Amino acid sequence: MDHPLNQAQKQITIDDFDLVDIRVGRITACEPFPEARKPSYKLTIDFGPIGIKRSIAQLTAHYTAEELIGRLILGVVNFPPRRIAGFPSEVLVLGVPAEGTARQGTVILVQPEREVALGARLF
């Protein structure tokens with residue numbers, strides 16, 4: 001008997017995937033964001049030719065603000081800005097739950113393993 005695909009297995013086309021614009025950026029500034037409901041940082045990220053974008057990210061469980069500065073990240077740059085506690089977050093920084101956890105706030109960043117050009121698109 002065939003089992004219906006669950007949400008994690010739902011198939012999409014390459015055209016669907018191409019709609020998501022995921023780019024490499026470098027965190028240039030990071031500061032605490034106490035206004036957020038969950039511990040978060042305000043990030044300033046340089047995406048090279050795409051420009052400087054801001055984001056809110058729940059990274060406080062595994063990263064200090066100081067160690068995030070200069071780090072390469074992957075982010076979705078074509079979502080509309082979202083207001084989080086009055087702050088316009090322009091980018092969704094990508095991460096996965098830390099091993100053995102499923103609760104939010106224990107995020108491990110997804111990042112290139114080597115230096116690559118800022119603004120490079122994931123494909």
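The values are calculated or read from the model by the stated rules, or taken from the named source; none is laboratory data. On a predicted model such as this, the values are computed, not experimentally measured, just so you know. When we count neighbours, we look across all protein chains shown, and the Cβ atoms used for this are built from the backbone with ideal geometry, even at glycine. When the accessible area is computed, the model is the full protein with side chains, heavy atoms only, and any ligands, DNA or RNA have been set aside. Shrake-Rupley method; radii C 1.70, N 1.55, O 1.52, S 1.80 Å.
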(message) Suppose we filter Ile45, Ile73, Ile84, Ile69 for residues that are open to solvent by 50 Å² or more (accessible area, probe 1.4 Å) and either under 22 Å from Asp18 (Cβ atoms) or touching a strand residue (DSSP E or B) at 6+ places or on another chain (Cβ under 7 Å) (or both); which single one remains?
(response) Ile69
(message) One residue is enough: does the range 101-120 have a residue meeting the conditions in contact (Cβ under 8 Å) with a residue 60 or more places away in the chain, basic (Lys, Arg) and either assigned to a strand (DSSP E or B) or over 18 Å from Cys30 (Cβ atoms) (or both)?
(response) no
(request) Read through the list (1) buried (at least 16 other Cβ atoms within 10 Å of the Cβ); (2) at pLDDT 95 or above; (3) not aromatic (Phe, Trp, Tyr), then give the number of the only condition that Val107 fails. (result) (2)
(request) Give, as residue ranges, the strands (runs of 3 or more DSSP E) completely inside the range 9-63 that count at least 3 residues that are touching a Phe, Trp or Tyr at 6+ places or on another chain (Cβ under 7 Å), without any contact (Cβ under 8 Å) to a residue 60 or more places away in the chain and closer than 18 Å to Asn78 by Cα. (result) 52-57
(request) Have a look at Ala36, Ala57, Ala61, Ala98 and point out the one that is touching a His at 6+ places or on another chain (Cβ under 9 Å), farther than 19 Å from Ala117 by Cα, open to solvent by less than 70 Å² (accessible area, probe 1.4 Å) and among the small types (Gly, Ala, Ser). (result) Ala98
(request) Answer yes or no as to whether Glu90 is surrounded by 11 or more Cβ atoms within 10 Å (Cβ to Cβ), in contact (Cβ under 8 Å) with a residue 12 or more places away in the chain and of a type in the set (Asp, Glu). (result) yes
